[in-house]
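In what follows, a structure is listed as structure tokens, so that the remarks can point back to it.
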Amino acid sequence: MTIRRDTAGFHPAAPFRGPTGNRSGGGQRMLRALVVSICTVIAAPAALAEQTTFFRIGTGSIGGTYFPIGGVIANAISNPPGSPACDRGGSCGVPGLIAMASASAGSVANIENMGAGVLESGLVQADIAHWAVTGTGLYEGNEEFADLRAIARLYPEIVHFVVPAESGIESVRDLEGRRVSLGELRSGTLIDSRLVLEAHGLTVDDIEAVYMHAEPASDMMVNGELDAFTIVGGAPLLAVEDIARRMPIRILSMEPEAIDALISENSFFTHESVRADIYPGVDEWESIAVSAIWVTTTDTDPDLLYGITRALWNPNTLADLVRTHPRGSDIRLESATVGLGVPLHPGAERYYREIDLLPDETPDGQDVRDDPSGGGAPLLDPPVSPPMADDGAATDRDSSNIVVPEVVQGLLELGPPQQKPVQTQ
């Protein structure tokens, strides 16, 4: 199949309607990226309320991969009023759009905040999105989030089990009786960590589990207060790079039998061999990965989403992603509709059809819009639902901490249009 690549700047055929409704270097990179798109608004405050559409993207913790990747995407799809045209060296984003990347607890928090109308979109793990839309796995017994829709598949996310180099912990099984951070409660990292433990014959009852972000977990490990922590994301992760500079570490390889079992029971997992020295002093290691995807809801206007999808795959956007993060080179148009596990949004589907990335119909005559995987990819098999921790109730926290320069906070108080919350439970 030949894909027609869109090399021109974005020029909408019709006006867009809006949705209905650290310490690490990554944070600084994202702030610089946001300044490019947002500070342009200062020159035209009078037109802001009439011409601007706001679009929030839930990402993850500052030390992960979602945060810097989401920042680049937000900058790329933005084109505030008064910005120079794309063909004149300006933004190639959607005219009148200001997108903002928002730090969060990750996949689960992003889905919940989209359901509540707090976010217009979010970066999530494909497994978490699939569970939400089908009412399985983590969402077993809850109402299906039938309005969740995919924009694109981005890159593979790798499960990390990080330990001190001199700890004597050689395998996942050696974590028995140890103090281990499994990620925040109701995060994608926590769910995948439990599955990995189970594949190695352990449960959360066999370890001394704590639940926190990788950043405070790494501080505890440096202070000798933690034996291991887990994080899921595109390697290299800023949080892991940071601790590798502060102390010698290793990343545990998973046993071949455990990897095979995980993949056979959960079709969204893949086997990943990670090269040596992707983190300082860390040898090659074997793990599993799950796709990171960008999702929205049916409340997002199809014309707006078409423009956003087109801007995402603009060559300038792809070049910025490669420059900003090593995982950016894995974000490829050819794999944009592979293994999504949730239906494509009509606006994204329209763009992929225009460039011949999607066929007009599936081989059996079924329209692709009826195929929840998007583009003919197989719907993911429902995984075994992992047990929740004894204290598994979700904690209340504001995970929509939008990171923008203070100078434009007053302008942003105009806020995005109000949405009617989508009930997920």
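For residues in the stretch 298-330 being under 30 Å from N266 (Cα atoms), of a type in the set (V, I, T) and open to solvent by 10 Å² or more (accessible area, probe 1.4 Å), which is farthest from the chain's Cα centre (by Cα)?
Out of the qualifying residues, it is T298.
Could you run through the stretch 341-365 and say how many residues are modelled with pLDDT under 95 and either within 20 Å of the chain's Cα centre (by Cα) or surrounded by 21 or more Cβ atoms within 10 Å (Cβ to Cβ) (or both)? Please lay out each step first, then the result.
Our first condition is that a residue be modelled with pLDDT under 95; within the stretch 341-365, this holds for 341-343, 358-365.
Restricting the remaining residues to those that are either within 20 Å of the chain's Cα centre (by Cα) or surrounded by 21 or more Cβ atoms within 10 Å (Cβ to Cβ) (or both) gives 341-343, 358.
Counting residues in the stretch 341-365 that are modelled with pLDDT under 95 and either within 20 Å of the chain's Cα centre (by Cα) or surrounded by 21 or more Cβ atoms within 10 Å (Cβ to Cβ) (or both) gives 4.
Kindly list the number of the only condition in (1) in contact with a Ser or Thr (Cβ under 8 Å, 6 or more places away or on another chain); (2) closer than 20 Å to Y211 by Cβ that fails for G93.
Failing condition for G93: (2).
Report, by residue number, each residue of the stretch 163-186 that is open to solvent by less than 20 Å² (accessible area, probe 1.4 Å) and within 30 Å of V342 (Cβ to Cβ).
Let us first name the residues in the stretch 163-186 that are open to solvent by less than 20 Å² (accessible area, probe 1.4 Å), namely 163, 169, 172, 175, 180-183.
Listed by number, the residues that qualify are V172, S181, L182, G183.
Write out, first by first residue and then by second, each pair whose Cβ atoms fall under 8 Å of each other, whose residues are 6+ apart or on separate chains, and whose first residue, in the stretch 123-144, is on the phi > 0 side of the Ramachandran plot while the second is among the polar types (S, T, N, Q) and surrounded by fewer than 19 Cβ atoms within 10 Å (Cβ to Cβ).
If the second residue must be among the polar types (S, T, N, Q) and surrounded by fewer than 19 Cβ atoms within 10 Å (Cβ to Cβ), the pairs left are G135/N142; G137/S385.
Here is a check on your reading of the model: is A258 under 24 Å from the mean Cα position of the chain (by Cα) and of a type in the set (A, V, I, L, M)?
On the way: under 24 Å from the mean Cα position of the chain (by Cα): no; of a type in the set (A, V, I, L, M): yes.
So A258 does not fit the description; no.
Here are the criteria: (1) open to solvent by less than 50 Å² (accessible area, probe 1.4 Å); (2) at pLDDT below 95; (3) touching a Phe, Trp or Tyr at 6+ places or on another chain (Cβ under 8 Å). Tell me which single one E272 does not satisfy.
Checking E272 against (1) open to solvent by less than 50 Å² (accessible area, probe 1.4 Å); (2) at pLDDT below 95; (3) touching a Phe, Trp or Tyr at 6+ places or on another chain (Cβ under 8 Å), the one that fails is (3).
What's the number of the condition S264 fails, among (1) over 19 Å from A126 (Cβ atoms); (2) not in a strand (DSSP E or B)?
Unmet for S264, out of (1) over 19 Å from A126 (Cβ atoms); (2) not in a strand (DSSP E or B): (1).
Among the residues of the stretch 112-134, write down those that are open to solvent by 10 Å² or more (accessible area, probe 1.4 Å) and either touching a strand residue (DSSP E or B) at 6+ places or on another chain (Cβ under 7 Å) or of a type outside the set (S, T, N, Q) (or both). Full working, then the answer.
As a first pass, look at the stretch 112-134 and keep what is open to solvent by 10 Å² or more (accessible area, probe 1.4 Å): 112-113, 116-118, 133-134.
Answer for the stretch 112-134, where residues must be open to solvent by 10 Å² or more (accessible area, probe 1.4 Å) and either touching a strand residue (DSSP E or B) at 6+ places or on another chain (Cβ under 7 Å) or of a type outside the set (S, T, N, Q) (or both): E112, N113, A116, G117, V118, V133.
Quick one: which of V338, V282, V290 is open to solvent by less than 30 Å² (accessible area, probe 1.4 Å), within 16 Å of the chain's Cα centre (by Cα) and aliphatic (A, V, I, L, M)? Write out each step before concluding.
Working: V338 fails: open to solvent by less than 30 Å² (accessible area, probe 1.4 Å); V282 fails: within 16 Å of the chain's Cα centre (by Cα).
That would be V290, the only listed residue that is open to solvent by less than 30 Å² (accessible area, probe 1.4 Å), within 16 Å of the chain's Cα centre (by Cα) and aliphatic (A, V, I, L, M).
Mind checking whether some residue in the stretch 193-204 is open to solvent by 40 Å² or more (accessible area, probe 1.4 Å), polar (S, T, N, Q) and in contact with a helix residue (DSSP H, G or I) (Cβ under 8 Å, 6 or more places away or on another chain)?
yes
For L119, indicate whether it is in a helix (DSSP H, G or I), among the hydrophobic types (A, V, I, L, M, F, W, C) and either more than 15 Å from the chain's Cα centre (by Cα) or modelled with pLDDT of 85 or more (or both).
Working: in a helix (DSSP H, G or I): no; among the hydrophobic types (A, V, I, L, M, F, W, C): yes; either more than 15 Å from the chain's Cα centre (by Cα) or modelled with pLDDT of 85 or more (or both): yes.
In short, no.
If V290 satisfies all but one of (1) part of a helix (DSSP H, G or I); (2) within 22 Å of S107 (Cβ to Cβ); (3) of a type outside the set (D, E, K, R), what's the number of the condition it fails?
Unmet for V290, out of (1) part of a helix (DSSP H, G or I); (2) within 22 Å of S107 (Cβ to Cβ); (3) of a type outside the set (D, E, K, R): (1).
Say we look at the stretch 219-246 and pick out the residues that are in a helix (DSSP H, G or I) and among the β-branched types (V, I, T); which of these is most open to solvent (accessible area, probe 1.4 Å)?
Taking the stretch 219-246 as the starting set, the residues that turn out to be in a helix (DSSP H, G or I) are 219-222, 238-246.
Then keep just the ones that are among the β-branched types (V, I, T); that gives 222, 240, 243.
On the way: V222: 55, V240: 0, I243: 0 Å².
Filtering the stretch 219-246 for residues that are in a helix (DSSP H, G or I) and among the β-branched types (V, I, T), the one most open to solvent (accessible area, probe 1.4 Å) comes out as V222.
The values are calculated or read from the model by the stated rules, or taken from the named source; none is laboratory data. Source: prediction; values computed, not measured. Using ideal geometry, Cβ is built from the backbone for each residue, glycine included, and neighbour counts are taken over all protein chains shown. Calculation scope for accessible area: heavy atoms of the full protein, side chains included, ligands and nucleic acids excluded. Shrake-Rupley method; radii C 1.70, N 1.55, O 1.52, S 1.80 Å.
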